[in-house]
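Visitor: Shown below is the structure under consideration.
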Amino acid sequence: MKTVKGTRDLLPEDTAIFQAIEQRAFAHFAKYGFHEIRTPIFEQTQLFARGIGEGTDIVNKEMYTFEDRGGRSVTLRPEMTAAVCRAVAQHNLVQGDDPVRLLYTGPTFRYERPQAGRYRQFYQLGAEVFGSDDPLIDAETIEALITFLEPFELPNLTLVLNSVGDHTDRPRYLAYLRATLADRVDQLCGDCKVRIDKNVLRVLDCKNPTCQAQMTDLETIDAFWSDENRQHFEAVKQALDGYGIQYTLNPRLVRGLDYYTKTAFELLSGDLGAQSAVMGGGRYDGLVKMVGGPNVPGFGWAVGLDRLVSIIAKYQNIQPSRPDLFFVYGERSWLDADLPFIRDLRRAGLSVAYDSRCGSFKSQFKRADKYGAAFVAVIGEAEQDAQTIQLKNMATGEQTTVARAGLVAHIREASHA
Ligand code: AMP
C-alpha cells in the first residue's frame, strides 16, 4: 500500500526542519503577542463556501467535501483563516479595541493537480490579527514574518505588495474589467469566459498565454483606489520603509481568495520553480462578520510549510538530532547492569544510544558513527572492573578516562568547548 496521490509521509529529515520552523515560530511570534489557536480539521462546508467565495477555484474545484454519517456536509479545511474567524466569532474573542493575535500550524487540504511543491495535503503556518484596521498592524505583522525568516538566511525572496481595495472602490474596478473583457471574450479561454461573470478578478490570474496577452493594456486597481484606501496603503508602505523592509509593488496581485480587502501580499521565492509563492496574506476586514461574527477587521498571512521546508533544506543543514553519547560494551550483561545508569543520564538531559547486540567493538563503533554520536563511552574489562568510562570525543578523537559520576559534567564541558 502507498500514500494517496498528492499526499506524502514526512520522514525524520523533513520533520527535523518542520520542528525547527515551528519551535522558532512560537518563540518569535510570542514577542509580538501571538498565542496559538487550534481549530478542527473539518468544518461545515458553508463556512468555506461563504468565507473563501463561491466563485473561487478553491470552492468550485478543490475542496474535500463529504457527507458525514449524520448527513451533514463537512469539508476538510482548504485554508485556516475562515476557520479562525469562525472561532473568533464563536468565542467572542475580540472585546473592545485590543487587537487579538493568533498563530496556528497544521494540515490543510486542496484537491489540486499534484506537482513539485503542490500537494493535496499540505501544511500551513499562519498568523492572524483581529480588532484593528490600523495600517501599522499590516506592517508589523509583515515585519514579524520577515524577521521570523531571517535566521534561515534564505536568498531569493521577494515581498510583493498591493492593495486590492474594498467595497468602496473594488466594484468600480470589477465593472471596468467586466466591460472591457466582454469585448475580448472570444480571445479568452473557457475558464475565463465563466470567470468574467462569476469572479472577474481571477481572469488576471489566468496562466493561459492567450488570456495573458489580453491583459497587458488593462488598467490596474490602483487607478480605482478610494482616497481612504490609497492613504491606508501609503501608511503601510511608510511603516515597512521605517522597518527597512524591501518590497516590490505589483498592482496585478489579486490572490486566489475573495475575502481580501486593502493590503494583499505574497512572498515569492526564486528557488521554487512554477509554484513560487512561499506564503500569502493580507487584510480581510469583512470576513468575521461574513461568518456570523461582529464587524471586526482582520489581517493575516499563511506560509506554505512544505515549500518553506524545501527552500530551507537547500540552504541550511538541519538534521534529526544525534545521540550525545553512545555506549560500547564488552559484554551484554554489563549493559543490562547499566540500564539504571543510562536512565539517569537521560534524566540529566543527555541523548543516549547503544547497540543491544553488544557485538565486536568494531561493529559497535560502526553503529556509533552511523548515528553520528558526539561521544562514545567504552566499557571494556578494565573499565568494568574499575567502574570508570573510557570516553572518546568523536570530533577530536581525544580519549580520556572519566569517573561515572563526572560523566555528564564532562560531556557538557567538552560540548561547549
Ligand atoms: P493561500 O491560502 O492560497 O494563500 O496559500 C498560502 C500558501 O500555502 C501558499 O503561498 C503556498 O505556499 C501554500 N500552498 C497553497 N496551496 C498549496 C498546495 N496545494 N501544496 C503546497 N502548498 C500550498
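The numbers here are math on the coordinates, done by the rules we state, and not lab data. Only a predicted model underlies this, so the values are computations on that prediction, with no experimental measurement involved. Positions of Cβ are generated from backbone atoms using ideal geometry, with glycine treated the same way; all protein chains shown enter the neighbour counts.
Visitor: Please report the spacing between the Cα centers of segment 141-208 and segment 49-108 in Å, no decimals.
Guide: With segment 141-208 and segment 49-108 each reduced to a Cα centre, they are spaced 21 Å.
Visitor: Once you keep just the Cα pairs under 8 angstrom separated by 6 or more residues, what percentage relative contact order results for segment 157-221? Mind showing how you got there, number by number?
Guide: Working: 40 pairs, mean separation 21.8, N = 65.
Across segment 157-221, relative contact order equals 34 percent.
Visitor: Moving to a separate point now. How large is the convex hull of the Cα atoms of segment 112-242 per residue, expressed in Å³ as a whole number?
Guide: Values: hull volume 22.8 nm³, N = 131.
Output value, Cα hull per residue: 174 Å³.
Visitor: Starting from the Cα-Cα distance between Arg230 and Leu136, subtract it from 0.36 nm times their residue separation and give me the gain in nm to one decimal. Display every interim value, and only then the final one.
Guide: Details: separation 94, 0.36 × 94 = 33.84 nm, distance 1.46 nm.
Separation in residues times 0.36 nm, less the Cα-Cα distance, equals 32.4 nm.
Visitor: Counting pairs of alpha carbon atoms under 8 Å apart in space and at least six apart in sequence, what relative contact order in percent does segment 85-216 give? Intermediate results must be reported in sequence, preceding the final value.
Guide: Numbers: 97 pairs, mean separation 18.4, N = 132.
Once normalised by length, the contact order is 14 percent.
Visitor: Using only C-alpha atoms and all pairs of different ones, pull out the Kirkwood radius for segment 178-301 in Å with one decimal.
Guide: It works out to 16.5 Å.
Visitor: Can you give the extra length, in nm with one decimal, that the chain gains between His167 and Thr400 once fully stretched, where that is 0.36 nm per residue apart less the Cα-Cα distance? Please list the in-between numbers first.
Guide: Values: separation 233, 0.36 × 233 = 83.88 nm, distance 7.40 nm.
Gain on extension, His167 to Thr400, equals 76.5 nm.
Visitor: Most mobile of Leu218, Leu325, Leu174 per a Gaussian network model of the chain (Cα springs, under 10 Å)?
Guide: Looking only at Leu218, Leu325, Leu174, the largest GNM fluctuation is found for Leu325.
Visitor: Classify segment 65-147 as rounded, prolate or oblate from the Cα gyration tensor: take a ≥ b ≥ c as the square roots of its eigenvalues, call it rounded if a/c is under 1.5, otherwise prolate when a/b beats b/c and oblate if not.
Guide: Because a/c hits 1.5 or more and a/b fails to exceed b/c, segment 65-147 counts as oblate.
Visitor: Tilt of helix 170-182 relative to the longest C-alpha principal axis of the chain, in degrees (0 to 90, nearest 10)?
Guide: With both axes taken from Cα atoms, the answer is about 70 degrees.
Visitor: Against the globular-protein guess of 2.2 N^0.38 Å, express the Cα radius of gyration of segment 1-85 as a ratio, rounded to two decimals. Spell out each step's value before the answer.
Guide: Values: Rg = 16.4 Å, N = 85, 2.2 N^0.38 = 11.9 Å.
Cα-based Rg divided by the globular estimate yields 1.38.
Visitor: Excluding same-chain residues fewer than 8 positions from Lys5, which aspartates and glutamates have a Cα within less than 20 Å of its Cα?
Guide: List returned: Asp14, Asp57, Glu62, Glu79, Glu112, Asp306.
Visitor: Please list, or write none, the lysines whose alpha carbon is within less than 22 Å of the alpha carbon of Lys237, excluding same-chain residues fewer than 8 places away.
Guide: Lys262
Visitor: Can you give me the C-alpha center-to-center distance between segment 323-370 and segment 297-314, rounded to a whole angstrom?
Guide: Measuring centre to centre over Cα atoms gives 40 Å.
Visitor: Please arrange Cys189, Cys211 by how many other C-beta atoms lie within 10 Å of their C-beta, fewest to most.
Guide: Working: Cys189 16, Cys211 21.
Ascending Cβ contact count within 10 Å gives the list Cys189, Cys211.
Visitor: Explain nothing, just the number: relative contact order of the chain, from Cα pairs under 8 Å at least 6 residues apart, as a whole percent.
Guide: Values: 704 pairs, mean separation 69.2, N = 417.
Relative CO of the chain lands at 17 percent.
Visitor: Follow-up question, since we're still on this one. For the chain, how big is Rg over Rh, using alpha carbon atoms and the Kirkwood form of Rh? Please list the in-between numbers first.
Guide: Details: Rg = 27.6 Å, Rh = 24.9 Å.
On the Cα set of the chain, Rg over Rh gives 1.11.
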